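Structure record follows, encoded as structure tokens.
The values are calculated or read from the model by the stated rules, or taken from the named source; none is laboratory data. Here the structure is a predicted model, which means the values were calculated and not measured. Cβ placement follows ideal geometry from the backbone for every residue including glycine, while neighbour counts extend to all protein chains displayed. Note: areas computed on protein heavy atoms with side chains; ligands, DNA, RNA excluded. Shrake-Rupley method; radii C 1.70, N 1.55, O 1.52, S 1.80 Å.
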Amino acid sequence: MTLIGAPPGPLPAEPVHRRGLAGMLVSTEHKTIGLLTIGTSMALFVAMGALALVMRSQLAQPDQSLVTPHVYDQLFTMHGSGMIYLAITPVAIGFGLYLVPLQIGAPYIAGARVAALGYWLYVAGAVSMLSGFAVGGGAAPDGWYAYTPLTTSTFTPGQGMDLWIVGVFLSAVGMMLEAGPLLWTALRLRAPGMTLLHMPVFTWSMVVTCLMVLASFPSLLVAMSIQALGRMDPSLFSQNAWNIGYQNLFWFYGHPVVYIMFFPFVGMVAEVLSTFSGRRYAGYKPTVISLLAFAALSMSVWGHHLFTTGQAANDYYSLTSISLSIPAGVEYFGFLATILGGCIIYRTPMLFALAFIPQFLVGGLSGIMLGTPVVDYHVNGSFFVVAHFHYTLFAGSVFGLFAGFYYWWPKATGIFLREGLGRLHFWLMVIGTNVTFGPMFAVGFMGMPRRVATYSASDGFSTINLVSSCGAAVLALSMVVFLWNVFTSWRAAVPAPHDPWSGQTLEWATSSPPPLFNFVEIPPVKSYAPLLDLRRSTDGAAVP
Amino acid sequence: MAAAPGVLDPADLQSRFGQVFGLEVRIAIAVFAAVVVALAVALIASIFRQQPSTKSKYTVIELLFAGAVAGVAAFLITTSIDANNRHAAAAAAKHPPVRVQVTAFRWCWRFQYESAPVTVTGTCTGGNDPKLVVPTGVPVRIDLTSADVVHSMWVPHLRFKTAAFPDFVNSFVMVVNDPGHWPGYCAEFCGTYHYRMRFTLDAVSPQQYSSWAAHGGSSTL
């Protein structure tokens with residue numbers, strides 16, 4: 001078999017690609033590793049969401065004891081850490097592993113065995129963290145950022161915390177081992193004509209994401225090692241330097257990770273917006289520059305999590321944090337400029353991408369408020385923060401995730417998802433998201449701290465919490481509709497062609513699903529929208 | 001306009017918060033409205049459009065736009081830093097008349113009045129939340145620490161909180177102008193009973209405060 005346009009040099013030995021379940025589990029083929037990562041992380045996303053549903057049931061009314069406070073503490077800890085370490089970060093990297101080689105015209109990924117090992121370490125990490133639920137004393141109960149000295153063996157006895165620390169460490173190493181090969185692939189295995197500035201926006205967003213993973217995750221590994229020290233010698237944390245030191249090390253990772261959980265979905269939204277507007281993405285170069293600048297700047301803002309500690313240079317971190325609005329604004333310019341000149345087609349992926357635009361903005365604007373110390377002194381540690389990050393991560397990133405999921409599902413499976421159920425999923429999710437998280441801004445402002453197992457009737461938080469919990473029920477329903485869509489579409493198996501959406505990037509130039517080495521023939525690449533160029537030139541229209 | 005060091009800014013914690021937060025909310029609403037309008041225009045214009053635009057570079061407009069965003073960001077940064085400096089100036093009062101050492105512990109609060117001397121504490125169970133009694137119109141300095149894990153002392157009415165670390169003291173100065181009582185919470189997760197680790201800030205007239213302190217801080221006022 002000849003591969004026209006494949007990178008120079010001999011092909012390696014054929015990747016391990018046996019058939020059946022066993023074949024899947026030992027595969028070093030990038031699409032398989034990508035699908036395994038996506039599938040595992042989306043299953044965990046649903047499971048971690050179910051934990052949140054229990055919390056919202058408890059918080060719907062004051063003075064409730066649906067679960068004991070200790071169980072409630074495990075719920076919010078595993079919901080938060082499960083979502084961040086085990087669901088959203090891996091799903092983003094999984095999409096990258098699947099799509100980037102296709103988008104750049106590569107037949108395989110670099111370092112495939114490393115990436116496969118990464119997947120299995122992630123799974124081991126997930127098993128370790130979640131097995132805390134099965135041990136006496138329960139799972140880790142101290143929140144996803146696990147401040148010392150609370151997490152030392154003095155204040156949190158039991159194996160659940162130990163299993164969590166090991167699990168976070170393993171899954172973080174796993175993600176680094178998936179991200180490194182992905183970055184290397186984008187830098188070294190591009191097809192002829194695929195210069196850096198011809199890479200699609202999604203690929204650029206993954207490159208930048210992988211850079212942040214490699215730069216920030218080591219700090220998490222050190223932070224978890226400090227946690228392990230605390231399990232063995234809690235007396236260390238009677239000294240302030242260890243406690244504030246842990247917080248700095250943790251948040252040095254903890255801020256970039258939220259951009260790791262954001263940029264891939266920005267890339268997905270950019271692809272979907274341009275495809276369903278019928279034009280190439282507007283403002284490509286400024287977007288690439290702003291992604292790089294945004295990533296670099298995001299490494300300098302972590303102290304805004306420390307504003308109330310009295311042990312950080314608040315003015316400096318306020319400056320860097322508020323400055324994030326500039327590259328963010330440039331990206332928004334790209335979104336809006338693309339759709340303003342488009343002929344919009346309202347398929348399910350486009351609905352999610354359009355909703356992303358105003359919804360993420362709520363999260364971003366509230367982030368500016370949190371980046372202002374005088375404001376943060378009031379709303380830090382309250383439901384205002386919970387609202388902020390659910391708007392960025394859920395109303396933003398998860399909507400971007402579903403845009404990408406509905407968009408690329410036909411490519412990966414060769415069948416369609418049902419459009420009607422997709423729209424129902426979308427509308428239920430919009431309503432559920434905003435009714436759940438919007439009111440949290442108010443109740444946080446009024447004085448409700450976060451991570452509280454219950455609150456008093458006299459607090460005045462009851463009505464808003466009830467509304468929020470009703471929203472959560474609608475959200476749960478939207479997820480049921482989504483899962484039903486996946487199930488029934490799989491059964492119906494309506495076949496999808498190689499390019500169902502008139503896509504612009506190389507993955508649409510191969511079959512659905514793609515063959516083992518991705519391409520039989522790669523089209524010429526003259527810009528970041530090679531298929532659009534081809535269509536325009538065969539139409540005889542001008543190619544901008 | 002900036003407070004001289006050591007002299008309390010008459011604008012207390014609450015109004016400084018109100019000014020900055022109010023400004024940011026107004027800017028946020030304006031930005032959100034602009035984006036929603038742009039979105040609406042895009043969707044409506046698309047109905048009448050025959051062909052998608054083939055233009056893909058908007059360099060001049062984009063540069064101007066980025067410049068405008070940078071300008072707003074710079075304005076917000078200077079506002080933020082200026083407001084924070086005023087907070088810091090207010091906290092620098094050297095010899096406030098009332099000084100309370102607050103110790104957060106799992107899971108309640110201890111208030112040790114340096115000047116009184118009075119100690120107030122509680123168990124935070126079944127309505128036994130301790131009261132932090134302060135005189136109105138008088139600077140009160142809080143020196144906050146923890147006996148065990150990291151906590152956070154938050155009085156929403158004051159729009160202010162600060163963290164309680166073991167082996168560390170965070171200080172702030174507050175002035176409560178009007179009498180009243182308001183809830184206080186722990187705002188940093190500290191274990192099983194974090195949710196009920198509450199106190200009440202109780203501001204009374206200076207005369208009532210003096211007689212309360214003279215009686216050893218009894219709970220009846």
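So the values come out like this:
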{"read-out": "Two-site FRET efficiency, A:Leu516 against A:Arg188, from Cβ-Cβ distance with R₀ of 22 Å, rounded to 0.05", "value": "0.60"}
{"read-out": "Förster radius 25 Å - calculated FRET efficiency between A:His70 and A:Met232, Cβ distance, rounded to 0.05", "value": "0.60"}
{"read-out": "Shielding by partners - mean other protein chain Cβ count within 10 Å, residues of B:167-173", "value": "4"}
{"read-out": "Gyration tensor verdict on region A:343-496 (Cα atoms; rounded if a/c is under 1.5, prolate if a/b is larger than b/c, oblate otherwise)", "value": "prolate"}
{"read-out": "Label point distance in nm, A:Thr463-B:Val138, each placed 7 Å from Cα along Cα→Cβ", "value": "3.9"}
{"read-out": "Crossing angle, helix A:89-104 versus chain A [Cα axis fit, 0-90 degrees, rounded to tens]", "value": "10"}
{"read-out": "Mean separation of Cα contacts under 8 Å, 6 or more apart, over the residue count of chain B: relative contact order %", "value": "20"}
{"read-out": "Most to least packed among A:136-145, A:37-46, B:29-38 [average Cβ atoms within 10 Å]", "value": "A:136-145, A:37-46, B:29-38"}
{"read-out": "Beta bridges per DSSP with both ends in region B:75-192, % antiparallel, nearest 5", "value": "75"}
{"read-out": "Fraction of antiparallel bridges per DSSP, chain B only, in percent to nearest 5", "value": "70"}
{"read-out": "Cross-link pairs A:Lys411/B:Lys57; A:Lys31/A:Lys411; A:Lys526/B:Lys55; B:Lys131/B:Lys161; A:Lys285/B:Lys55; A:Lys31/A:Lys526 - those with Cα-Cα distance over 21 Å", "value": "A:Lys411/B:Lys57; A:Lys31/A:Lys526"}
{"read-out": "Gaussian network model of chain B, springs between alpha carbon atoms under 10 Å - residue of B:Arg16, B:Arg106, B:Arg26 with greatest fluctuation", "value": "B:Arg26"}
{"read-out": "Separation of the A:Ser502 and B:Ser211 label points, Cα + 7 Å toward Cβ, nm", "value": "8.4"}
{"read-out": "Inter-chain Cβ neighbour average for residues B:146-156, partner chain, 10 Å", "value": "5"}
{"read-out": "Point-to-point label distance, B:Glu114-B:Ala45, nm (Cα→Cβ direction, 7 Å offset)", "value": "6.3"}
{"read-out": "Residue of B:Gly127, B:Gly67, B:Gly22 that the Gaussian network model of chain B assigns the largest fluctuation, springs spanning Cα pairs under 10 Å", "value": "B:Gly67"}
{"read-out": "Euclidean distance of C-alpha centroids, region B:146-198 and region A:230-254, integer Å", "value": "21"}
{"read-out": "Structure-based [θ]222 nm, chain B - -39500 (n - 2.57) summed over DSSP H runs of at least 4, per residue, nearest 500", "value": "-12500 deg cm²/dmol"}
{"read-out": "Spatial separation of Cα centroids for region A:35-110 and region B:25-66, in angstrom", "value": "33"}
{"read-out": "Efficiency of FRET between B:Val60 and B:Ile29 - r from beta-carbon atoms, R0 22 angstrom, step 0.05", "value": "0.20"}
{"read-out": "Between helix A:399-413 and chain A: long-axis angle, C-alpha atoms, 0 to 90°, nearest 10", "value": "40"}
{"read-out": "Mean separation of Cα contacts under 8 Å, 6 or more apart, over the residue count of region A:39-102: relative contact order %", "value": "49"}
{"read-out": "Extension gain (nm, one decimal) between B:Thr123 and B:Val169, 0.36 nm per residue minus Cα-Cα", "value": "14.3 nm"}
{"read-out": "Only Lys, Arg (+1) and Asp, Glu (-1) charged, at Cβ; chain A dipole about Cα centre in debye", "value": "1000"}
{"read-out": "Rounded to the nearest 10 Å², the accessible area of B:Trp182 at probe 1.4 Å", "value": "50"}
{"read-out": "Span from the region A:185-229 Cα centroid across to the region A:337-355 one, whole angstrom", "value": "28"}
{"read-out": "Cysteines, the protein assembly as shown, no other Cys beta-carbon under 4.7 Å", "value": "A:Cys210, A:Cys343, A:Cys470, B:Cys186, B:Cys190"}
{"read-out": "Highest-fluctuation residue, B:Ile47, B:Ile77, B:Ile27 considered, GNM on chain B with Cα pairs under 10 Å", "value": "B:Ile47"}
{"read-out": "Per-residue average of Cβ from other chains inside 10 Å of A:401-413", "value": "0"}
{"read-out": "Computed accessible area, B:Asp143, all protein chains, 1.4 angstrom probe, square angstrom", "value": "20"}
{"read-out": "Three-way shape call for chain A based on the alpha-carbon gyration tensor, with the a/c threshold at 1.5", "value": "prolate"}
{"read-out": "Global geometry of region A:310-395, whether rounded, prolate or oblate, following the gyration tensor of its Cα atoms and the 1.5 cut on a/c", "value": "oblate"}
{"read-out": "Between helix A:240-260 and chain A: long-axis angle, C-alpha atoms, 0 to 90°, nearest 10", "value": "30"}
{"read-out": "Longest segment of chain A lacking trypsin sites (Lys or Arg not before Pro) that sit in a DSSP loop with at most 11 other Cβ atoms within 10 Å", "value": "A:20-544"}
{"read-out": "Mean separation of Cα contacts under 8 Å (6+ apart) over length of chain A, as relative contact order %", "value": "16"}
{"read-out": "Antiparallel DSSP beta bridges within the protein assembly as shown, as percent of all bridges there, nearest 5", "value": "70"}
